[in-house]
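Here the structure is laid out as structure tokens; the discussion comes afterwards.
The values are calculated or read from the model by the stated rules, or taken from the named source; none is laboratory data. Note that the coordinates shown come from a computational prediction; the quantities given were computed from them, not determined experimentally. Counting neighbours? That spans all protein chains shown, and the Cβs are built from the backbone with ideal geometry, glycine included. Accessible surface areas use protein heavy atoms only, side chains included; no ligands, DNA or RNA. Shrake-Rupley method; radii C 1.70, N 1.55, O 1.52, S 1.80 Å.
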Amino acid sequence: TLGFFVLDLYQRKESVAYELKLAQEKARYNEHLAQIGAGLAHETKNPLGIVRGLAQAIQEEVEPGSNEYKYATQIIDETDRSVRQINNFLELTHPHTPELKSISLKTIVGQLINLVEMDVKNKGIIIKVEGNDVTIEADEEYFRRALLNLLLNAVQACSKGDEIIVRMESKGNRVAIHIIDTGTGISDKDLP
């Protein structure tokens with residue numbers, strides 16, 4: 001029985017070594033795929049930025065109610081959606097370790113509003129900021145990305161005359177930021 005026991009241990013050791021080698025090869029392969037995907041994602045974002053810029057230029061040249069303006073808006077919306085998907089993919093390939101630091105909500109909100117200013121102006125949307133400045137501890141990159149996604153969703157849901165309100169509230173040690181729009185809302189089929 002001792003010989004059987006030694007043989008069994010040896011076979012298990014060989015099996016574990018083989019599985020470990022397979023896992024290492026799979027990890028190397030996955031890392032290689034992630035690098036290829038990240039390179040492709042970066043290369044795709046550049047032409048999308050050009051397409052978006054051209055669509056904005058078209059919007060500046062045509063009447064806001066025209067079909068050309070609507071088509072240009074759709075191009076901008078779809079390029080923004082595609083870039084967000086690419087950014088999500090890049091986040092999977094190179095996760096960012098959160099770095100907490102003190103940031104001013106009003107400063108971040110102001111910077112993000114500047115980013116969407118052209119869209120807001122072209123669509124005839126009113127944007128308001130309410131509340132006092134609040135300093136929070138957060139990872140600035142993640143926080144900016146989350147707020148920008150919410151703000152872009154609000155802009156996409158709005159049309160001429162609609163309003164977006166960015167409201168900052170502080171109660172005790174709790175902080176809330178609301179992005180409210182008077183746009184189309186979420187369709188019943190998409191609510192779930």
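I'd like the residue in segment 125-152 that is touching a His at 6+ places or on another chain (Cβ under 9 Å) and of a type in the set (Asp, Glu) and, out of all such residues, is nearest to Leu115 (Cα to Cα).
The residue in question is Glu141.
If the Cβ limit is 9 Å and pairs must be 6+ apart or interchain, which residue in segment 109-137 that is under 23 Å from Ile58 (Cα atoms) and in contact (Cβ under 8 Å) with a residue 40 or more places away in the chain pairs with which residue that is aromatic (Phe, Trp, Tyr) and surrounded by 13 or more Cβ atoms within 10 Å (Cβ to Cβ)?
Close Cβ pairs (under 9 Å, with a partner that is aromatic (Phe, Trp, Tyr) and surrounded by 13 or more Cβ atoms within 10 Å (Cβ to Cβ)) amount to Asn122/Tyr69.
Which members of segment 66-83 meet the condition of being hydroxyl-bearing (Ser, Thr, Tyr), surrounded by fewer than 17 Cβ atoms within 10 Å (Cβ to Cβ) and in a helix (DSSP H, G or I)?
Tyr71, Ser82
From (1) within 15 Å of Asp77 (Cβ to Cβ); (2) polar (S, T, N, Q); (3) surrounded by fewer than 13 Cβ atoms within 10 Å (Cβ to Cβ), pick out the condition that doesn't hold for Thr97.
Only one criterion is unmet by Thr97, namely (1).
Among (1) touching a strand residue (DSSP E or B) at 6+ places or on another chain (Cβ under 8 Å); (2) open to solvent by 100 Å² or more (accessible area, probe 1.4 Å); (3) of a type in the set (S, T, N, Q), there is one condition Ser102 misses while meeting the rest; what is its number?
Here Ser102 meets the rest and fails (2).
Of all residues in segment 167-191, which are assigned to a strand (DSSP E or B) and touching a helix residue (DSSP H, G or I) at 6+ places or on another chain (Cβ under 7 Å)?
Within segment 167-191, Met168, Ile177, Ile179, Asp181 meet the criteria.
Going through segment 154-169 one residue at a time, which ones are surrounded by 18 or more Cβ atoms within 10 Å (Cβ to Cβ) and within 30 Å of Ala72 (Cα to Cα)?
Ala154, Val155, Gln156, Cys158, Asp162, Ile164, Val166
In the list Ile86, Ile164, Ile136, which residue meets the criterion of being part of a helix (DSSP H, G or I) and touching a helix residue (DSSP H, G or I) at 6+ places or on another chain (Cβ under 8 Å)?
Ile86
Looking at Gly172, Gly131 in this structure, which one is over 27 Å from Leu54 (Cβ atoms) and surrounded by 13 or more Cβ atoms within 10 Å (Cβ to Cβ)?
The match here is Gly131.
Looking at segment 18-55 only, could you name the residues that are modelled with pLDDT under 75 and open to solvent by less than 70 Å² (accessible area, probe 1.4 Å)?
Answer for segment 18-55, where residues must be modelled with pLDDT under 75 and open to solvent by less than 70 Å² (accessible area, probe 1.4 Å): Ala34, Gly37, Ala38, Gly39, Ala41.
Taking segment 62-102 on its own, how many of its residues are hydrophobic (A, V, I, L, M, F, W, C) and in contact with a Ser or Thr (Cβ under 8 Å, 6 or more places away or on another chain)?
Result for segment 62-102: 1.
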